[in-house]
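I have placed the structure first, in the form of structure tokens, so that the comments after it can refer back to it.
The values are calculated or read from the model by the stated rules, or taken from the named source; none is laboratory data. Only a predicted model underlies this, so the values are computations on that prediction, with no experimental measurement involved. Reconstructed Cβ throughout: ideal geometry from the backbone, glycine too, with neighbour counts over all protein chains shown. Note: accessible area is taken over every heavy atom of the protein model, side chains too, but ligands, DNA and RNA are not part of it. Shrake-Rupley method; radii C 1.70, N 1.55, O 1.52, S 1.80 Å.
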Amino acid sequence: MSENSAGQELLKELAYKKTNYFETATKDERDAMFIYADGYKAFLDAAKTEREACDYAVSLAKKKGFTEYKFGDPLHPGDRKYFVNRGKSVVVFRIGTKNLEKDGFRIIASHIDAPRIDIKQNPLYEDSGMAFLKTHYYGGIKKYQWTAIPLALHGVVILKDGTKVELKVGEEAGDPVFYINDLLPHLGGEQMNGKASGIIEGEQLNVLVGGLPYPDKEVSEKIKLSVLSILHEKYGICEEDFLSAELSAVPAFGARDVGFDRALIGAYGHDDRVCAYPALTAVLDNETEHTVLAMLVDKEEIGSEGTTGIQCKVYEDLMDEIAITLRCNHRRARANSKCLSSDVTAAYDPNFAGVYEKMNAAMLSCGTAMCKFTGARGKSGSNDANAEFVGEVRKMFAENGVVWQTSELGKVDVGGGGTVAKFVAQLNIDTVDLGVPVISMHAPWEVISKADLYSNYKAFLAFMK
Ligand code: MN
Ligand code: MN
């Protein structure tokens, strides 16, 4: 090979270029990516709802010697704890040896809820030989994508006497699955000429749950009765119990490698388990002098509301309780804290190039992506992290060999989206978004790169160090 010219050398020194992490990784590191991905896929298959993700996190934490924390419990440096909020969000944390008031918390915040089809409170009816459950979708979805695929039902039903029944049907081999009907193309002429947002209306997202008539001539709704009788026999559920239930239809597919080379993973709910899992494992598996929290929260997909979303004061209370128990000023501890708000971003997709601005879009396999600002219409509603904090995180990553990139969600004024960052920032905590680029985000089955998953994990390790 000929030697570089002076100009080529100068370009190498001065210009910035993203790198494909698969390309720059050593053989050992590439092996590590694939091994890490296997643990992630197991998590995806076991945890399709926030309740299941919360339970899974707790069971992993227990295995690693973490114990449950409740407000008022004593705390000491070196303690490994988890705090469960209503069974739907969990904070896994380590108390560090550094002075919390001066050093602050290191927080990784991600969410464990995902778009899905929720069952209504009065759902069950029969019509024309079929029994259905009426639904109200959860989160931002393209409704037509959720028809004509196998669905599983997950959730809880609170019976009249207060007993909680857990339901999970459609995941085991041999389980029945459920289904949302679509129209055959032969009769779909008018449907296909309409706007995509109207191809399937919200009230057409009815989940098919039965077709067998109850054998009694005197009963008018025989199929509905047969479904009710099965629910009662198996779970002790009566129709009225749907009033106090949280049931969701989620895709019944498992996580699978994608591509001949297995570089990618397809699964339901990468958003945001692809950040939650690295956050969880980073805190569980690695000792640090800092006090670190992995916050796995609920309700991000509907605006971070409610008692389990990050806008709830419980997370602030938890940090304050920790600080006060350790005899620190809680406000100063918060002021000195840093947060990676870890949520997914859109990966640049050449099939839809028109909506991206290529220079600033996240590229698949170029590492976890930092989003200084999200939103559209002049960065509206976005966190827009300080350059100083971005610089600090950038330095951490450089010192620890993290392959990463920056990203913006689409062209200016085309779209945008928000996440938990701005709510953490309200607590006077420096916060920036960092997360894995996703292909087909919010589809029933999304795709990510194993390199980006592993880069995200390495970024968290650098942040905790
Ligand atoms: Mn998300
Ligand atoms: Mn989302």
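Just the protein heavy atoms count here, and of the accessible area of the range 193-249 at 1.4 Å, carbon and sulfur take up 54 percent.
Pop the C-beta distance of Gln191 and Arg332 into the FRET formula with R0 = 60 Å and round what comes out to the nearest 0.05. According to the calculation, E is roughly 0.50. Each 10 Å bin from zero up to the one holding the largest Cα-Cα distance in the range 215-278 carries the following percent of pairs: 16, 27, 20, 20, 14, 3. Scaled to the globular estimate 2.2 N^0.38 Å, the Cα spread of the range 305-382, given as radius of gyration, is 1.58.
To the nearest 0.05, how large is the calculated FRET efficiency for Leu212 and Asp257 if R₀ is 35 Å and r is the Cβ-Cβ distance? Each step should come with its number before you reach the end.
Values: r = 38 Å, r/R0 = 1.07.
Calculated transfer efficiency: 0.40.
Value of Rg to Rh for the chain, rounded to two decimals, is 1.01; Kirkwood radius and Rg both from alpha-carbon coordinates.
Computed with a 1.4 Å probe over protein heavy atoms only, the accessible surface of the chain comes to 48 Å² per residue. The dipole here belongs to the range 371-427: it is taken about the Cα centre, uses +1 on the Cβ of Lys and Arg and -1 on the Cβ of Asp and Glu, and is about 160 debye. A helix-only calculation puts the chain at -9000 deg cm²/dmol for mean residue ellipticity at 222 nm, using -39500 (n - 2.57) for each DSSP H run of at least four residues, averaged over all residues. The chymotrypsin sites (Phe, Trp or Tyr not before Pro) of the range 119-179 include none that meets both criteria, a DSSP state outside H, G, I, E and B (loop) and at most 12 other C-beta atoms within 10 angstrom of the site's C-beta.
Separation of the range 251-290 and the range 74-134, taken as the distance between their Cα centroids, equals 16 angstrom.
According to the Kirkwood expression over distinct Cα-Cα pairs, how big is the hydrodynamic radius of the range 1-76, in Å? Write out the running numbers ahead of the final one.
Values: mean 1/r = 0.0570 Å⁻¹.
17.5 Å is the Kirkwood radius here.
Its Cα centre serving as origin, the range 116-251 has a Cβ charge dipole (Lys and Arg +1, Asp and Glu -1) of approximately 360 debye. Residue separation times 0.36 nm, minus the C-alpha to C-alpha distance between Lys411 and Asn99: what's the value? Stretched fully, the Lys411-Asn99 segment lengthens by 108.0 nm. Straight-distance candidates among the aspartates and glutamates for linking to Lys81, with alpha-carbon spacing under 18 Å and chain neighbours fewer than 8 residues away dropped: Asp55, Glu68, Asp73, Asp285, Glu287, Glu289, Glu316, Asp317, Asp320, Glu321. Computed over the range 39-134, the alpha-carbon pair-distance distribution with 5 angstrom bins reads 3, 10, 16, 17, 15, 10, 10, 6, 4, 3, 2, 1, 1, 0, each value a whole percent.
Within the accessible surface of the range 310-432, defined with a 1.4 Å probe on protein heavy atoms only, the carbon and sulfur portion equals 48 percent. For the range 116-251, dividing the convex hull volume of the Cα atoms by the residue count gives 125 Å³ per residue.
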